[in-house]
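Written out below as structure tokens is the structure these notes cover.
Nothing in this text is a laboratory measurement; each read-out follows from the coordinates by a stated rule. The model shown is predicted, which means the values in this text are computed figures rather than measured ones. Positions of Cβ are backbone-derived with ideal geometry, glycine not excepted, and every protein chain shown enters the neighbour counts.
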Amino acid sequence: MKPLLKIDEVTRTFHDGDSEITVLNKLSLQVGAGELVAVMGPSGSGKSTFLSIAGALLTPTSGEVTIDGVSLAGMGGQELAELRLKRIGFIFQSANLIPYLKVEEQLLFVAQLAGMDSGKASKRAASLLERMGLKHRQNYYPDKLSGGEKQRVAIARAWMNSPSILFADEPTASLDAERGQDVVRMIAEEVKAEGKAAVMVTHDERVLPLCDRVLYLKNGALVEA
């Protein structure tokens, strides 16, 4: 089975005045269907750069990124935007919900952007909200939700278009231990249920038992824990 994410010897350098800084150095990674991979590392180790390149937000200096069999090499801005919309889901430290949209509308808005059939979108949204334990909150605005509920809405929204891979950037940072574990457990369950892949950058060691693999970003490359 082909990996849903393949990163092949990716290097990323930045120029700081006359000097060149190498943030990622021939980094490679493969993530398969049904797999949740955690990436850890100290601040400044390049985790944000790694996530931006893997998520088609930043171009590597060299190397190749392939998502669901599609190479990002040579893609233009419009093609990359389309790929992010159709094949990639993102979850951030804060839920980043749209304040004037109700919970269900948050999901339907994403479906609308992707051109999904409205009937199919409604069924998909209802199913995700049910699985996330949010059905009773579907007509609530974000300011009426708890922190854990907001992050669960963000997870449901990220899965709305059934992306091949989900990237999560410190998804438990603003949550207590119990809610943090709930959120990561839901990500892991969705990965398995839908045969997708997920990569999570985290400092939260409490959620590592829920992950299939734990990798550390060290000297610009990923190493096994």
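Laid out as a table, the results:
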read-out	value
Filtered residues of the stretch 91-107 (kept if under 19 Å from the mean Cα position of the chain (by Cα) and either crowded, with 18+ Cβ neighbours inside 10 Å or of a type in the set (Asp, Glu) (or both))	91, 95, 97, 106, 107
The stretch 158-185, residues that are within 13 Å of the chain's Cα centre (by Cα) and under 15 Å from residue 212 (Cβ atoms)	165, 166, 168, 184
Single residue of the stretch 13-44 satisfying the filter (under 27 Å from residue 162 (Cβ atoms) and of a type in the set (Gly, Ala, Ser)) that is surrounded by the fewest Cβ atoms within 10 Å (Cβ to Cβ)	28
Matching residues, the stretch 60-72, being under 13 Å from residue 23 (Cβ atoms), polar (S, T, N, Q) and touching a Leu at 6+ places or on another chain (Cβ under 9 Å)	61
Out of 47, 86, sole residue that is basic (Lys, Arg) and either in contact with a Lys or Arg (Cβ under 6 Å, 6 or more places away or on another chain) or buried (at least 20 other Cβ atoms within 10 Å of the Cβ) (or both)	47
Filtered residues of the stretch 204-225 (kept if closer than 21 Å to residue 174 by Cα and exposed (fewer than 13 other Cβ atoms within 10 Å of the Cβ))	205, 209
